[in-house]
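See structure below.
Laboratory data are not the source of any read-out in this text; all were calculated from the coordinates shown. Note that this is a predicted model, so its numbers are computed, not measured. Here the Cβ is made from the backbone with ideal geometry for all residues, glycine too, and neighbour counts use every protein chain on show.
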Amino acid sequence: MSAKVIDGNAISAAIRQELRTKVEALKQENKRVPGLAVVLVGDDPASGIYVKNKRRDCKEVGFKSEIRKFDKDITQEELLEAISKFNIDPTIDGILVQLPLPDQIDNLAVLEAIDPNKDVDGFHPYNVGRLVLRYPGLRPCTPMGVMQLLERTGVPLMGKDATVIGVSNHVGRPMALELLLAGCSVSAAHKFTSNVHEYVEYADIVISAVGIPGLIKGAWIKPGATVIDVGITRDERGKLHGDVEYDEAVKRAGWITPVPGGVGPMTRVSMLQNTLYAMEKFHTGGQ
Ligand code: GUN
């Protein structure tokens with residue numbers, strides 16, 4: 001058996017097309033388009049690429065984007081001031097402060113300074129709380145993107161056993177919650193879990209978000225299981241690797257995501273969807 005590949009590029013392209021259509025409709029009605037503000041601090045090359053991609057993604061679907069760049073020596077007060085300006089800017093629906101931030105900045109204070117109704121990362125404690133309570137709100141983009149991959153592929157979730165490996169604030173833990181809310185029985189494995197392979201062997205749905213290439217052995221995958229690889233690590237030659245031993249896992253899984261071209265494009269498009277959602281739900285109904 002060989003797994004069917006879940007094509008994140010194709011699914012995200014279909015969603016981008018839906019977004020473009022909605023933006024066109026707004027323009028036809030002489031309404032403003034959604035606006036995303038991105039705050040970048042310092043000169044981390046990876047963060048620079050992420051931010052450039054966000055600008056390109058916005059342009060492609062017709063959103064406004066505004067990038068504010070700051071020197072790595074910025075003070076907390078200056079950064080909070082920039083956020084409060086975007087909070088009251090009526091043309092901005094989403095604010096994203098690119099992480100990581102320099103050591104002198106209190107990350108939580110920055111994330112809490114963003115208007116929760118513009119928090120398109122879904123990182124604000126208010127939105128995390130709403131997710132826990134199953135209230136509608138802005139959801140973290142990577143778990144949201146994974147859920148859309150599963151839903152659009154037609155992977156059954158209700159009553160299934162899911163294992164999430166990695167429990168970070170922004171990916172693993174909200175991922176486990178999303179699956180729980182979708183009706184899965186969820187296990188969360190982490191660095192203190194001694195028998196990760198047993199949790200994987202048992203699972204109908206395996207989601208790895210660790211960042212250690214080859215951590216999840218192909219032989220652990222239950223035949224027919226769905227395997228979603230969130231991990232992405234660049235080796236010294238520049239090649240990208242997921243957490244899952246793909247060549248072996250593909251022989252056993254029912255569905256599997258590649259790296260690259262699986263989860264990554266879904267994270268990006270979920271950010272755009274959140275920006276449109278924030279505009280429609282919270283900010284003047286597109287006037
Ligand atoms: N840095 C790396 N990924 C992300 C992300 O999804 N959001 C933010 N704000 N910073 C990041």
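Does ILE212 qualify as being among the aliphatic types (A, V, I, L, M) and free of Cβ contacts under 8 Å to residues at least 40 places away in the same chain?
On the way: among the aliphatic types (A, V, I, L, M): yes; free of Cβ contacts under 8 Å to residues at least 40 places away in the same chain: yes.
Considered against the rule, which asks whether it is among the aliphatic types (A, V, I, L, M) and free of Cβ contacts under 8 Å to residues at least 40 places away in the same chain, ILE212 comes out as yes.
Do we find that VAL97 is buried (at least 17 other Cβ atoms within 10 Å of the Cβ) and out of contact with any His (no Cβ under 8 Å at 6 or more places or on another chain) in this structure? Write out each step before concluding.
Details: buried (at least 17 other Cβ atoms within 10 Å of the Cβ): yes; out of contact with any His (no Cβ under 8 Å at 6 or more places or on another chain): yes.
Considered against the rule, which asks whether it is buried (at least 17 other Cβ atoms within 10 Å of the Cβ) and out of contact with any His (no Cβ under 8 Å at 6 or more places or on another chain), VAL97 comes out as yes.
Return yes when LYS72 is more than 13 Å from the ligand (Cβ to nearest atom), part of a loop (DSSP other than H, G, I, E, B) and of a type in the set (Lys, Arg) and no when it is not. Talk me through it step by step, then tell me what you get.
On the way: more than 13 Å from the ligand (Cβ to nearest atom): yes; part of a loop (DSSP other than H, G, I, E, B): yes; of a type in the set (Lys, Arg): yes.
Yes; evaluated as a whole, the condition is true for this residue.
Can you pull out every residue in the stretch 120-135 that is out of contact with any Pro (no Cβ under 9 Å at 6 or more places or on another chain) and touching a residue at least 60 places away in the same chain (Cβ under 8 Å)?
VAL120
Look at SER194 and say whether it is away from the ligand (no atom under 16 Å from the Cβ), part of a strand (DSSP E or B) and either within 18 Å of the chain's Cα centre (by Cα) or under 26 Å from VAL250 (Cα atoms) (or both). Quick ask: steps written out before the conclusion?
On the way: away from the ligand (no atom under 16 Å from the Cβ): yes; part of a strand (DSSP E or B): no; either within 18 Å of the chain's Cα centre (by Cα) or under 26 Å from VAL250 (Cα atoms) (or both): yes.
For SER194, the condition - away from the ligand (no atom under 16 Å from the Cβ), part of a strand (DSSP E or B) and either within 18 Å of the chain's Cα centre (by Cα) or under 26 Å from VAL250 (Cα atoms) (or both) - is not met.
Looking at the stretch 114-130 only, could you name the residues that are more than 13 Å from the ligand (Cβ to nearest atom) and out of contact with any Asp or Glu (no Cβ under 9 Å at 6 or more places or on another chain)?
Listed by number, the residues that qualify are ASP115, PRO116, VAL128, GLY129, ARG130.
Checking GLU236 against (1) closer than 24 Å to ASP7 by Cα; (2) free of Cβ contacts under 8 Å to residues at least 24 places away in the same chain, which test does it fail?
Checking GLU236 against (1) closer than 24 Å to ASP7 by Cα; (2) free of Cβ contacts under 8 Å to residues at least 24 places away in the same chain, the one that fails is (1).
State whether the residues of the stretch 174-185 include one that is over 19 Å from PRO140 (Cβ atoms), in a helix (DSSP H, G or I) and of a type in the set (Asp, Glu).
Going through the stretch 174-185, the residues over 19 Å from PRO140 (Cβ atoms) turn out to be 183, 185.
Retained after the next criterion (residues that are in a helix (DSSP H, G or I)): none.
Within the stretch 174-185 (the criterion being over 19 Å from PRO140 (Cβ atoms), in a helix (DSSP H, G or I) and of a type in the set (Asp, Glu)), the answer is no, since none of the residues qualifies.
Go through the stretch 84-106 and give me each residue that's within 10 Å of the ligand (Cβ to nearest atom) and not β-branched (Val, Ile, Thr). Reasoning before the result, please.
From the stretch 84-106, those within 10 Å of the ligand (Cβ to nearest atom) are 95-101; that's our starting set.
Matches in the stretch 84-106: LEU96, GLN98, LEU99, PRO100, LEU101.
Kindly provide the set of residues from the stretch 35-53 that are buried (at least 21 other Cβ atoms within 10 Å of the Cβ) and of a type outside the set (A, V, I, L, M, F, W, C), ordered by number.
Taking the stretch 35-53 and keeping what is buried (at least 21 other Cβ atoms within 10 Å of the Cβ), we get 35-39, 41.
The one that is buried (at least 21 other Cβ atoms within 10 Å of the Cβ) and of a type outside the set (A, V, I, L, M, F, W, C): GLY35.
Which of the residues that make up the stretch 51-69 are within 16 Å of the ligand (Cβ to nearest atom) and of a type in the set (Gly, Ala, Ser)?
Once the filter is applied, which keeps residues that are within 16 Å of the ligand (Cβ to nearest atom) and of a type in the set (Gly, Ala, Ser), the stretch 51-69 yields only SER65.
Could you run through the stretch 131-177 and say how many residues are within 13 Å of the ligand (Cβ to nearest atom) and small (Gly, Ala, Ser)?
Within the stretch 131-177, residues that are within 13 Å of the ligand (Cβ to nearest atom) and small (Gly, Ala, Ser) number 2.
Checking SER208 against (1) under 20 Å from the mean Cα position of the chain (by Cα); (2) buried (at least 23 other Cβ atoms within 10 Å of the Cβ); (3) over 24 Å from LEU131 (Cβ atoms); (4) not aromatic (Phe, Trp, Tyr), which test does it fail?
With (1) under 20 Å from the mean Cα position of the chain (by Cα); (2) buried (at least 23 other Cβ atoms within 10 Å of the Cβ); (3) over 24 Å from LEU131 (Cβ atoms); (4) not aromatic (Phe, Trp, Tyr) applied to SER208, the lone miss is (3).
Residue by residue through the stretch 123-173, note down the ones that are outside any helix (DSSP H, G or I), more than 23 Å from THR275 (Cα to Cα) and of a type in the set (Val, Ile, Thr).
VAL155, THR163, VAL164, ILE165, VAL167
Under 8 Å between Cβ atoms, which residue pairs at least 6 apart in sequence (or on different chains) link something in the stretch 84-113 that is charged (D, E, K, R) with a partner that is away from the ligand (no atom under 13 Å from the Cβ) and part of a loop (DSSP other than H, G, I, E, B)?
ASP93/PRO34; ASP93/HIS283
Could you identify the single residue in PRO258, PRO223 that is in a loop (DSSP other than H, G, I, E, B) and surrounded by 16 or more Cβ atoms within 10 Å (Cβ to Cβ)? So that I can check it myself, show each step before the final result.
Details: PRO223 fails: surrounded by 16 or more Cβ atoms within 10 Å (Cβ to Cβ).
Every option except PRO258 fails the conditions.
For residues that are touching a residue at least 40 places away in the same chain (Cβ under 8 Å) and within 17 Å of the chain's Cα centre (by Cα), scanning just the stretch 38-58, find the one that is farthest from HIS283 (Cα to Cα). So that I can check it myself, show each step before the final result.
Taking the stretch 38-58 and keeping what is touching a residue at least 40 places away in the same chain (Cβ under 8 Å), we get 38-42, 44, 47, 50-51, 53-54, 57-58.
Applying the additional criterion that residues be within 17 Å of the chain's Cα centre (by Cα) yields 38, 47, 50-51, 53-54, 57-58.
Working: VAL38: 18, SER47: 28, TYR50: 26, VAL51: 24, ASN53: 25, LYS54: 21, ASP57: 21, CYS58: 18 Å.
Within the stretch 38-58, the match that is farthest from HIS283 (Cα to Cα) is SER47.
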